[in-house]
Amino acid sequence: MRRDTLALWAYTPPGAPYPLVATDYGAHIEALEFTTVAPGGFGDLACILKLPDARLPRPELGLFSRVALRDGLFTCFSGEWSDPALVLDSAHGEYMMLSALGGGAALRDDPDDAAYPTATTAQGILAAEFSRRASYLALDSDLSAVLPSHPANTYTPVYDGYTLEEILHDLTGALGDYIWTVYEHPTHTDAAGFPTWQLRAHQRDTTTTHYLALGADILEWRVAPSMQRAYNVVQVAYVDPVAGPGSVTVSDARLGPDGAQGNAPFRRRKLRRNLGDLPLTATQATAIANAWLAAYSNPSNKIEITLRAVRDASGNPLPLSHVRADANLFVPELAVRGQRLSSGPQPGVNQFYIIESSYREMASGDVRLALQLDNYADRGEALLARLQIADEARQRRRGIYRPVQSAGAQQVGYLSIRAPGASAGQRLGVGVNFVPVLSNTPTGLTFTVITSANIGSGPVVTANTMTPYGCEVTVTAAAAGNVVWTGTYTTQGA
Amino acid sequence: MSTSTTTTSPEQARENPYPLLEPGTNSESGTAGGLLSALIEIAGAEGGSLYGVLAAWQREQDRLANRGWRRPGGMIRPAGL
């Protein structure tokens, strides 16, 4: 390796029971690949290592030992070994297939329960979650790069077995178009002298040009406007902690009032998401819906581009390994995609947000950088990853927040009123709880009797008691004596 | 005026011996390539060990499938999709 001046440092983790061992394996690498991702920061690293005798103990290549891929003082990747595999092949001897995960993987170490009944800012929630885990969290405790703009929105979330990573996904989604990454700390270092891992969270910046790729720098590209991300009406269903279930709908002002296309770039297409797993107020749900509408109301792209060279924003050559996700790449050649030929960077036309960078270096001398821009191409691996993340979260969950019955579905329940020795004309009531909660307030109930005795009138719903959660139902006694009414109720118009 | 046609010669077809991962993407492009070619080289493709090549290919496919969700951030789409 070292064709691109990279040093692959492996070292025993700070705080380990054995002494610090740090070795540069750069010269032994046969092939190397690493990624950075947004959200996520340092993604993963894989390399093939041929050592004179791989059977010698090497604690710095053991599980959870650290790895830092550096180009001079620049940290290209920093993480920890996750699956260091020793392979013995009859024809070619021993080699090591090493893979590492970025420092952000430590955010997944501790799924825990937390609830914030008092409205708290996203920054406050993250500070509290970090402080609870302060004694064992592998990340730097410095949160100065987390939401430096201090967004004022407050939330009352309930986290059931959530990891810090999921909390970050939840909060950055609730804030709108925000992103989080774990990259190296600019000044803090660990016991071995390498930078610590720093959490960063901020609004996504799609306008600043960070990197530039001219036509000669590009090996291949695939640019596909994505129908999957083209929506101009967004409906969000939510469950307010107090007011109960609700939904908000926002739409592109360019659509006609009746939903006709009008001046919109494409016909009416509605994105609908249920966020009922977490408490949200109408204001918060509206903010989320508006953020999604802003992101999807103009056609967006899935772009894969492979580079053999890259430049910084001023046009000076930059090593490929320095390109990282959560930055923008300006490709002047793509200006022709715009409705008007643009003279400068224009987000979505010739400047794109990098969500994944994948740097690869082979023994043959082949060095290339593959970028996923604006969104992931829908490969099988992406689908599998999302399914596995969802299933993993499901297995951790201890309960559900508040189940809601689908709108319009009638609910049938049991009802019983029994009073011994009622006086004639006496009114007897019982509370009815709808389980699960209904999507809307029903217009009324119909009743089917199983047994009744001494009923003068009813059962009827007491005026002004109907809510999506339940109501009061009363009967009156026809004469003095025992009153019995048992039967079922069916909701109407919910 | 000149016309050009594009044909694939047997030599060109042999340049990429790896299985296609999906239509339009060969194993060298995008992020799906991984370290397969280096693994095949080490596992002894020239030595004719088909088993070695297939085992390396399978292991690399497993790694690529796993890394998408194991790495930080997983494959979470920005802004909810």
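The values are calculated or read from the model by the stated rules, or taken from the named source; none is laboratory data. Source: prediction; values computed, not measured. Cβ: placed from backbone, ideal geometry, glycine included. Neighbour counts: every protein chain shown.
Structural remarks
- Residue match in segment A:400-411 (condition: among the charged types (D, E, K, R), in contact with a strand residue (DSSP E or B) (Cβ under 6 Å, 6 or more places away or on another chain), within 14 Å of another protein chain (Cβ to nearest Cβ) and assigned to a loop (DSSP other than H, G, I, E, B)): no
- Of all residues in segment A:38-75 being among the small types (Gly, Ala, Ser) and more than 28 Å from the chain's Cα centre (by Cα), the one that is nearest to the other protein chains (Cβ to nearest Cβ): A:ALA54
- Failed criterion for A:LEU415 (all others in (1) outside any strand (DSSP E or B); (2) under 30 Å from A:GLY246 (Cα atoms); (3) of a type outside the set (Phe, Trp, Tyr); (4) away from chain B (no Cβ under 14 Å) hold): (1)
- Residue selected from segment A:345-379 under the condition at pLDDT below 85 and over 25 Å from A:GLN228 (Cβ atoms), by the criterion surrounded by the fewest Cβ atoms within 10 Å (Cβ to Cβ): A:GLY365
- Residue check for A:GLY124: at pLDDT 95 or above and surrounded by fewer than 16 Cβ atoms within 10 Å (Cβ to Cβ): yes
- Single residue of segment A:22-37 satisfying the filter (within 13 Å of another protein chain (Cβ to nearest Cβ) and hydroxyl-bearing (Ser, Thr, Tyr)) that is surrounded by the most Cβ atoms within 10 Å (Cβ to Cβ): A:THR36
- Residue list for segment A:76-89, restricted to those being out of contact with any helix residue (DSSP H, G or I) (no Cβ under 6 Å at 6 or more places or on another chain), at pLDDT below 90 and more than 9 Å from chain B (Cβ to nearest Cβ): A:LEU86, A:LEU88
- Of residues in segment A:31-68 being of a type in the set (Phe, Trp, Tyr) and either without any contact (Cβ under 8 Å) to a residue 24 or more places away in the chain or in contact with a Pro (Cβ under 8 Å, 6 or more places away or on another chain) (or both), the one nearest to A:ALA370 (Cα to Cα): A:PHE42
- Test: residue in segment A:141-161 that is in contact (Cβ under 8 Å) with a residue 60 or more places away in the chain and among the small types (Gly, Ala, Ser): yes
- Residues of segment A:172-187 that are within 18 Å of A:ALA105 (Cα to Cα) and away from chain B (no Cβ under 11 Å): A:GLU184, A:HIS185.
- The residues of segment A:347-385 that are in contact (Cβ under 8 Å) with a residue 12 or more places away in the chain, within 22 Å of the chain's Cα centre (by Cα), at the interface with chain B (Cβ under 8 Å from one of its Cβ atoms) and not in a strand (DSSP E or B), listed by number, are A:ASN375, A:TYR376, A:ALA377.
- Taken over segment A:1-57, the criterion of being touching a Phe, Trp or Tyr at 6+ places or on another chain (Cβ under 8 Å) and charged (D, E, K, R) is satisfied by A:ASP24, A:GLU30, A:GLU33, A:ASP44, A:LYS50.
- Hits in segment A:233-276 (condition: among the aliphatic types (A, V, I, L, M), more than 14 Å from every other protein chain (Cβ to nearest Cβ) and out of contact with any helix residue (DSSP H, G or I) (no Cβ under 7 Å at 6 or more places or on another chain)): A:VAL233, A:VAL239, A:VAL242, A:ALA243, A:ALA253, A:LEU255, A:ALA260, A:ALA264
- Residue selected from segment A:277-291 under the condition among the hydroxyl-bearing types (Ser, Thr, Tyr) and touching a residue at least 24 places away in the same chain (Cβ under 8 Å), by the criterion nearest to the other protein chains (Cβ to nearest Cβ): A:THR286
- Given (1) touching a residue at least 60 places away in the same chain (Cβ under 8 Å); (2) away from chain B (no Cβ under 12 Å); (3) small (Gly, Ala, Ser), number of the condition A:ALA134 does not satisfy: (1)
- Residue list for segment A:1-48, filter: hydrophobic (A, V, I, L, M, F, W, C) and either over 23 Å from A:TYR359 (Cβ atoms) or at pLDDT below 85 (or both): A:MET1, A:ALA16, A:LEU20, A:VAL21
- Being surrounded by fewer than 23 Cβ atoms within 10 Å (Cβ to Cβ) and either of a type outside the set (A, V, I, L, M) or closer than 29 Å to A:ILE389 by Cβ (or both) is a description that applies to A:PHE64.
- Residue under evaluation A:GLN261, criteria (1) under 21 Å from A:ASP374 (Cα atoms); (2) surrounded by fewer than 21 Cβ atoms within 10 Å (Cβ to Cβ); (3) modelled with pLDDT of 90 or more, criterion not met: (1)
- Residues that are in contact with a helix residue (DSSP H, G or I) (Cβ under 9 Å, 6 or more places away or on another chain) and within 17 Å of B:ASN66 (Cα to Cα) occur at least once in segment A:107-125.
- Subset of segment A:292-328 (residues that are away from every other protein chain (no Cβ under 13 Å), closer than 13 Å to A:GLN372 by Cα and β-branched (Val, Ile, Thr)): A:VAL323
- Hey, A:TRP197 within 11 Å of chain B (Cβ to nearest Cβ), more than 22 Å from the chain's Cα centre (by Cα) and touching a residue at least 12 places away in the same chain (Cβ under 8 Å) or not: no
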